[in-house]
Amino acid sequence: MTNVEAPTYVPGHGLLRERTAVITAAAGAGIGGATARRFLEEGARVLISDAHARRLKEHEAELAREFAGAVRSVVCDVTDETQVQALFDTAVREHGRLDILVNNAGLGGTSPLVDMTDEQWSKVLDVTLNGTFRCTRAALRRMRDTGGGVIVNNASVVGWRAQAGQAHYAAAKAGVMALTRCAAIEAAEYGVRVNAVSPSLAMHPHLAKVTTPELLAELTAREAFGRYAEPWEVANVIVFLASGYSSYMTGEIVSVSSQHA
């Protein structure tokens, strides 16, 4: 098995200068938090949101020490339409427009299908798929009125590939992929591009808490590089999709993975 060390962190190049972005589930050290940092390094004004108020404020304070005046936070539970509307109203009120949305909010869990309850199924789908729908709808309405924008959704390779115990999460992520493609067709007339990333295994503290060491070892072994991705490596692809470098891409699902075919 190849075992390749993580590459050197890539510095910013101003790819998102003067753009206003909303990033959901951006508290902490996962993909959302890494994306917020990468966007700020690329010159964006960033509004981070999360359902966890304390962690969100802590992350805002951490980022504000480096990017004073460019970052703000709003608590938002993506299963609550009133909170979703307040999030996007804040972005437009404070910055005049919304240029980028990153739909990162999602909820996982492991349960055999035969033991899964209706509540487990519905909760995962409500956060992961319905939440992406609610935020996409809210963003599109505002982007339509201001002449364009970009939406990047966070899907998963389990939307393509089977994994035991992940029926609810896989169904939700496959739904995010389908939503991405359909939204892209409808949004094109507004000058809005909609794409998604599909990571395989990006390690962060929360994932380590909810996944057994045995499963993490098994998933890592499937990766051609013999290691998991750093969250910022996924964030780099999100930056690409949010930037002008992907100006002719819409409705695409970009795999961020080194898994064997």
Give me the net charge for the shell around residue 15: Cβ to Cβ below 15 angstrom, other residues only, Lys and Arg +1, Asp and Glu -1.
+2
Which of (i) 48, 42, 39; (ii) 53, 42, 37; (iii) 49, 39, 33 gives Cα extents along the principal axes in Å as computed here? It is (i)
Summed side-chain charge close to residue 152 - residues other than residue 152 whose Cβ falls under 14 Å, Lys, Arg +1, Asp, Glu -1:
+1
Points 7 angstrom from Cα along the Cβ direction at residue 68 and residue 146: gap in nanometres?
2.6 nm
First measure r as the distance between the Cβ atoms of residue 93 and residue 114, then evaluate 1/(1 + (r/R0)^6) with R0 = 35 Å and state the FRET efficiency to the nearest 0.05.
0.15
At 7 Å along Cα-to-Cβ for each site, give me the label-to-label distance between residue 81 and residue 8 in nm.
5.1 nm
Two-site label geometry, residue 248 and residue 190: point separation in nm, points 7 Å out along Cα→Cβ:
2.5 nm
Expected 222 nm ellipticity per residue - DSSP helices of 4 or more, -39500 (n - 2.57), all of the chain, to 500
-13500 deg cm²/dmol
Highest mean packing first, using Cβ neighbours within 10 angstrom, the peptides 183-191, 165-173 sort as 165-173, 183-191
Of 182, 76, 135, which has the largest mean-square fluctuation in a 10 Å C-alpha GNM of the chain?
182
Counting DSSP beta bridges with both partners in the chain, what percentage is antiparallel, nearest 5?
5 percent
Please list, in order, the residues from the range 228-247 whose amide nitrogen is less than 14 Å from a point placed 7 Å along the Cα→Cβ vector of residue 29.
230-232
Fewest Cβ neighbours within 10 Å first, please rank 20, 82, 132 accordingly.
82, 20, 132
Surrounding net charge for residue 250, when Lys and Arg each add one and Asp and Glu each subtract one, Cβ distance under 11 Å:
0
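All of the numbers you see were taken from the coordinates with simple rules; none came from a lab. What you see is a predicted model, and the numbers here were worked out from it, not measured in a lab. Don't worry about glycine lacking a Cβ; one is built from the backbone with ideal geometry, like all the others, and counts go over all protein chains shown.
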